[in-house]
1. If I ask for residues that are farther than 17 Å from THR155 by Cβ, crowded, with 18+ Cβ neighbours inside 10 Å and not acidic (Asp, Glu), which ones from the range 68-84 would you list?
2. So which of PHE89, PHE116, PHE85 ends up being more than 11 Å from the chain's Cα centre (by Cα), modelled with pLDDT of 95 or more, aromatic (Phe, Trp, Tyr) and over 22 Å from TYR173 (Cα atoms)?
3. If only one of LYS179, LYS111, LYS171 is among the basic types (Lys, Arg), more than 26 Å from ILE25 (Cα to Cα) and not in a loop (DSSP other than H, G, I, E, B), which one is it?
4. Which residue, of LEU16, LEU8, is surrounded by fewer than 20 Cβ atoms within 10 Å (Cβ to Cβ), over 26 Å from VAL147 (Cβ atoms) and out of contact with any Asp or Glu (no Cβ under 6 Å at 6 or more places or on another chain)?
5. Scanning the range 65-80 for residues that are modelled with pLDDT of 95 or more and touching an Asp or Glu at 6+ places or on another chain (Cβ under 8 Å), which turns out farthest from GLY95 (Cα to Cα)?
6. Looking only at the range 68-126, count every residue that is touching a helix residue (DSSP H, G or I) at 6+ places or on another chain (Cβ under 7 Å), farther than 16 Å from GLY166 by Cβ and among the polar types (S, T, N, Q) and tell me the total.
7. Can you work out which of the residues in the range 22-43 that are touching a residue at least 24 places away in the same chain (Cβ under 8 Å) and part of a helix (DSSP H, G or I) is surrounded by the fewest Cβ atoms within 10 Å (Cβ to Cβ)?
8. List every residue pair whose Cβ atoms sit under 8 Å apart, with the two residues 6 or more apart in sequence or on different chains, where the first one lies in the range 121-146 and is at pLDDT 95 or above and the second, anywhere, is surrounded by 14 or more Cβ atoms within 10 Å (Cβ to Cβ) and acidic (Asp, Glu).
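The values are calculated or read from the model by the stated rules, or taken from the named source; none is laboratory data. Note that the structure is a prediction, hence the values are computed from the model and not measured. Positions of Cβ are backbone-derived with ideal geometry, glycine not excepted, and every protein chain shown enters the neighbour counts.
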Amino acid sequence: MNKEMWKLSPKNIAALGIGSAVFVIVGRFASIPSGLPNTNFELVYAFLAMIAMIYGPTVGFGVGFIGHLLLDFIMYGQTWWNWDFAAGFLGFFIGLYALRVNIDQGEFGTKEMVIFNVVQFVANAIVWFLLGALGDMILDSEPAAKVFAQAGLTTLMDGLTILVLGTILLKLYAGSRVKKGSLHKD
């Protein structure tokens, strides 16, 4: 386990700030309406998955929460705290899996990709249904049919975005890293 992933070191604080800013920019300009109110096809979750896998659960949570919070204010003029926390916990749960993978040493083969995608789909379902939908029902008295439709579509769209784009980004990142023991002195 990489204990550095739990700390707010200067490197992780910088990643948190830059990651949150990128989250807002990508979320603002690479968001495609789905046809369901307040539910968009968000390419930014592939970026969140990559950040969480590289920097771990603390930065993953921070980027998801802060990025989503700022994006809500910019796009809607208000925030939905339960959905902001859901985005944060999505980054957190993906970051927990990162503790088991040495992606900085180029480790992201087929086994890691499959487990990563199982983890991210389960995490998507947990956060969007439990925090997003149930939160809307409890906090805002929203109708169950509406919020569960939003949560279902969000889970599917974000899961597929991370499956395709997130996996590609992580494979490219891992491929750019020097594998431990791969350099030999001649």
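1. LEU69, LEU70, LEU71, listed by residue number.
2. One residue alone meets the criteria, PHE85.
3. LYS111
4. Result: LEU8 is the single residue among LEU16, LEU8 that is surrounded by fewer than 20 Cβ atoms within 10 Å (Cβ to Cβ), over 26 Å from VAL147 (Cβ atoms) and out of contact with any Asp or Glu (no Cβ under 6 Å at 6 or more places or on another chain).
5. Within the range 65-80, the match that is farthest from GLY95 (Cα to Cα) is LEU69.
6. Total meeting the criteria: 3.
7. Across the range 22-43, the extreme among qualifying residues is ARG28.
8. As it stands, the answer is ASN124/ASP158; TRP128/ASP158, since those pairs meet every condition given.
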